[in-house]
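Everything on this sheet refers to the single structure shown next.
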Amino acid sequence: MNKPHKKLDAWTTAIELAQHVYQNTDHFPSTEQYGLTSQIRRAGVSIPSNIAEGAARRTKREFVQFLHIAKGSLSEPDTQLELAVRLKYLGTKEWAVLNALLERVDKMLSGLIRSLGAKS
């Protein structure tokens, strides 16, 4: 199986983000297991998943489409993690690390989209 996504810094950083999401939501209240915890985790996983799926597509156009989906998916954990901070499920230090990763992935995706000749 060809795995072109594994050569992409955007995918590697998005995997790191997903890992941090899992680690930080592990301590959320058990009452949130099927609520906010699940939502944040699914959103965090969808980012590198869409990068990987796009990289496996046949055309640049399809790849760019999936990069845009991944970019849009960044807004979900951004919003959900902000709520987690307000609910005091997540500390501000942890949020700062996660936010920095969100911003880094966003910039990487924008750069990748630009390099493929599409508008971000």
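The values are calculated or read from the model by the stated rules, or taken from the named source; none is laboratory data. Note that the structure is a prediction, hence the values are computed from the model and not measured. All Cβ positions, even for glycine, are placed from backbone atoms using ideal geometry, and neighbour counts span all protein chains on display.
Among the candidates Y34, Y22, single out the residue that is over 17 Å from H5 (Cβ atoms) and not in a helix (DSSP H, G or I).
Y34
Considering segment 1-23 alone, what residues qualify as being surrounded by 11 or more Cβ atoms within 10 Å (Cβ to Cβ), in contact (Cβ under 8 Å) with a residue 12 or more places away in the chain and polar (S, T, N, Q)?
Scanning segment 1-23 gives a single hit, T13.
Quick one: in segment 57-103, of everything that is without any contact (Cβ under 8 Å) to a residue 60 or more places away in the chain and part of a loop (DSSP other than H, G, I, E, B), which residue is nearest to G35 (Cα to Cα)?
L87
Taking only pairs six or more apart or across chains, which ones have beta-carbon atoms under 8 Å, a first residue in segment 24-49 that is in contact (Cβ under 8 Å) with a residue 60 or more places away in the chain and exposed (fewer than 13 other Cβ atoms within 10 Å of the Cβ), and a second residue that is outside any helix (DSSP H, G or I) and hydrophobic (A, V, I, L, M, F, W, C)?
The qualifying pairs do not exist here.
Take segment 66-120 and flag every residue that is at pLDDT 95 or above, touching a Phe, Trp or Tyr at 6+ places or on another chain (Cβ under 7 Å) and surrounded by fewer than 21 Cβ atoms within 10 Å (Cβ to Cβ).
Those that are at pLDDT 95 or above, touching a Phe, Trp or Tyr at 6+ places or on another chain (Cβ under 7 Å) and surrounded by fewer than 21 Cβ atoms within 10 Å (Cβ to Cβ): V85, Y89.
Given (1) over 16 Å from T79 (Cα atoms); (2) in contact with a Lys or Arg (Cβ under 7 Å, 6 or more places away or on another chain); (3) polar (S, T, N, Q), identify the lone condition not met by Q19.
In the conditions (1) over 16 Å from T79 (Cα atoms); (2) in contact with a Lys or Arg (Cβ under 7 Å, 6 or more places away or on another chain); (3) polar (S, T, N, Q), Q19 misses (2) alone.
Any residue at all in segment 55-64 that is crowded, with 20+ Cβ neighbours inside 10 Å and in contact with a Ser or Thr (Cβ under 8 Å, 6 or more places away or on another chain)?
No, there is no match, as no residue in segment 55-64 is crowded, with 20+ Cβ neighbours inside 10 Å and in contact with a Ser or Thr (Cβ under 8 Å, 6 or more places away or on another chain).
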